[in-house]
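Structure, as structure tokens:
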Amino acid sequence: MSKPIKFSIKKELDGKPGRAGVIETPHGTIHTPAFVSVGTKASVKALTPEQILETGAEVVLANTYHLYLEPGDERVKKFGGLQKFMNWHGPTMTDSGGFQVFSLGAAYGKEISKVVSITDPSQLLSERSLDGEEPRLAKIGQDGVSFRSHHDGTLHYITPEKSIDIQHNLGADVIFAFDECTSPTESYQYQEEALERTHRWAKRSLDHHNSLIRANGGIGPALFGIVQGGREEALRKRSAEFIGGLDFDGFGIGGSFAKEDMETAVKWVNEILPKDKPRHLLGIGEPEDLFMGVENGVDLFDCVAPTRNGRGGTLYTSSGKINVRNAEYREDTGPLDPECGCSVCKNYSRAYLCHLYRAHEMLGGTLGSIHNLYFIINLVKQMRQAILDGNFQEFKTKFLSKYSK
RNA sequence: GCGUCGGUCGGAUAGCGGCUAUUCCAGGAGACUGUAAAUCUCCCGCCCAUUGGGCAUCAGUGGUUCGAGUCCACUCCGGCGCA
């Protein structure tokens, strides 16, 4: 059975786990470390595939849960798979729906998200048994997770096998095992329970994946297993040992983090995961976090931040994020970021962008997304180049001193 | 001139006797990290303050009432109709 993807390391950082490499997929090459743009419903919101390409993106990640509901994975398969369906010719990935166990479950209707800032220690106590919660749209059972569709209320049961079936139908180059992303507010006991479940699901995902590949004459996508374990060192390490010991093609590092826990978790995990397989830090993408990840041996990132921020007018610049809707930019005829080489910075003024958002013109979201994606993708590319050139630390210091002044 | 309907925070509105005057837009700011997201939150009469507090306010002036944006009278302004 030939490997669906091939990962090779080109250069490593001195004394740190960071590395620059290449992932070859049937639909093209990904130069790592790389930022993966998120196109949940087979669309990077507000952008055409031509515009996605213009941002320098090499790979797009779509979502199992969303595409299963609409238009349906069987239908996508009938259309020739994700790439053909959305007219994106480069590499693709699909997330397993595991994150929706969290975002539609424990995090539903709460102020908890992918990265939380915990200011009150009482927030770390489990909220599991509290009454008066909004009813969750996802409930975790023994065998899988029941989801109530957020748009028509219909009930769906997703098991690891079901998630893998859906992802094989969607036809991405890289798919993920079905996992449970836990909230950092859960107790140790719950984290451990959830982790054991994620491990069982990982094994089932892998077994089912392999049987589908065998049934298909040895051809199929690459499968990444996902490490969980919350903020606990023992659990993170146990998870890295267990998941890293299974025959996955690469690994995802998952979880909802308190900001200060992210770095330690990544370090614990990457010390253990096999060096010769790619590692994907799921859902992370702010500049500071990208430096942290790259330095600590992460090869792939995906994040909604550039596109979500871009649609709202929060735009990245070399001297920090700005909200270009604000009154101070109304008459600012300068470029968004004079140091940025994207088409938006070359052709449009801050005043024009400000106007577009205020006027609720769709073009605002499009231009903002093009710029933000370019900015983040290009930032990671520069990190890669800095690793190859042997000046990663200098680049990091220089960038961050201006960016987070 | 007569009749009639109306004048509510920058605009548009709700409120038709009961204590904090509604909502939308505009305006000001903030948030967003495997997308329930072209979204969401807060502020938006004035003055202090750290939580909070004080004072105003529904065109104007009187009145009825325990209590009035709301009822009555007159005045001013506007729309419409009739002369």
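The values are calculated or read from the model by the stated rules, or taken from the named source; none is laboratory data. A quick note: this is a predicted structure, and the numbers were derived from the prediction, not measured. Counting neighbours? That spans all protein chains shown, and the Cβs are built from the backbone with ideal geometry, glycine included.
Condition check: among the acidic types (Asp, Glu) and within 16 Å of RNA strand B (Cβ to nearest atom). Does A:Asp14 satisfy that?
For A:Asp14, the condition - among the acidic types (Asp, Glu) and within 16 Å of RNA strand B (Cβ to nearest atom) - is not met.
Which of the residues belonging to the stretch A:1-44 are among the β-branched types (Val, Ile, Thr) and not in a strand (DSSP E or B)?
Answer for the stretch A:1-44, where residues must be among the β-branched types (Val, Ile, Thr) and not in a strand (DSSP E or B): A:Ile5, A:Thr40, A:Val44.
Determine, yes or no, whether A:Val380 is part of a loop (DSSP other than H, G, I, E, B) and touching a Leu at 6+ places or on another chain (Cβ under 8 Å).
Taking the combined requirement at face value, the residue does not satisfy it.
Looking at this structure, is A:Tyr329 on the phi < 0 side of the Ramachandran plot, crowded, with 20+ Cβ neighbours inside 10 Å, more than 8 Å from RNA strand B (Cβ to nearest atom) and aromatic (Phe, Trp, Tyr)?
Yes.
What is the residue count in the stretch A:45-101 for residues that are buried (at least 22 other Cβ atoms within 10 Å of the Cβ), within 11 Å of RNA strand B (Cβ to nearest atom) and assigned to a loop (DSSP other than H, G, I, E, B)?
3
One line per residue, one yes/no per condition, for (1) free of Cβ contacts under 8 Å to residues at least 60 places away in the same chain; (2) within 13 Å of RNA strand B (Cβ to nearest atom); (3) not in a loop (DSSP other than H, G, I, E, B):
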site	(1), (2), (3)
A:Leu223	yes, yes, yes
A:Gly230	yes, yes, no
A:Ala234	yes, no, yes
A:Glu241	yes, no, yes
A:Gly255	no, yes, no
A:Glu263	yes, yes, yes
A:Lys277	no, no, no
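Among the residues of the stretch A:338-356, write down those that are within 13 Å of A:Thr55 (Cα to Cα), touching a residue at least 40 places away in the same chain (Cβ under 8 Å) and crowded, with 22+ Cβ neighbours inside 10 Å.
A:Cys342
How many residues, within the stretch A:357-370, are over 15 Å from A:Pro335 (Cβ atoms), of a type outside the set (D, E, K, R) and touching a residue at least 12 places away in the same chain (Cβ under 8 Å)?
Here is the first cut: in the stretch A:357-370, the ones over 15 Å from A:Pro335 (Cβ atoms) are A:357-366, A:369.
With the extra rule that they be of a type outside the set (D, E, K, R), the set shrinks to A:357, A:359-360, A:362-366, A:369.
Filter once more, so that each one left must be touching a residue at least 12 places away in the same chain (Cβ under 8 Å): A:357, A:362, A:364-366, A:369.
So the count comes out to 6.
When the stretch A:164-219 is examined, which residues are found to be of a type in the set (A, V, I, L, M) and more than 21 Å from the chain's Cα centre (by Cα)?
A:Leu212, A:Ile213, A:Ala215, A:Ile219
If you scan the stretch A:153-172, which residues turn out to be assigned to a loop (DSSP other than H, G, I, E, B) and either without any contact (Cβ under 8 Å) to a residue 12 or more places away in the chain or surrounded by 20 or more Cβ atoms within 10 Å (Cβ to Cβ) (or both)?
The initial filter retains those residues of the stretch A:153-172 that are assigned to a loop (DSSP other than H, G, I, E, B), namely A:153-154, A:159, A:171-172.
Listed by number, the residues that qualify are A:Gly153, A:Thr154, A:Gly171, A:Ala172.
Mind checking whether some residue in the stretch A:354-369 is at pLDDT below 95 and touching an Asp or Glu at 6+ places or on another chain (Cβ under 8 Å)?
no
Out of A:Gly171, A:Gly141, which single residue is in contact with a helix residue (DSSP H, G or I) (Cβ under 8 Å, 6 or more places away or on another chain), over 24 Å from A:Gly244 (Cβ atoms) and not aromatic (Phe, Trp, Tyr)?
On the way: A:Gly141 fails: in contact with a helix residue (DSSP H, G or I) (Cβ under 8 Å, 6 or more places away or on another chain).
None of the other options fit; the residue is A:Gly171.
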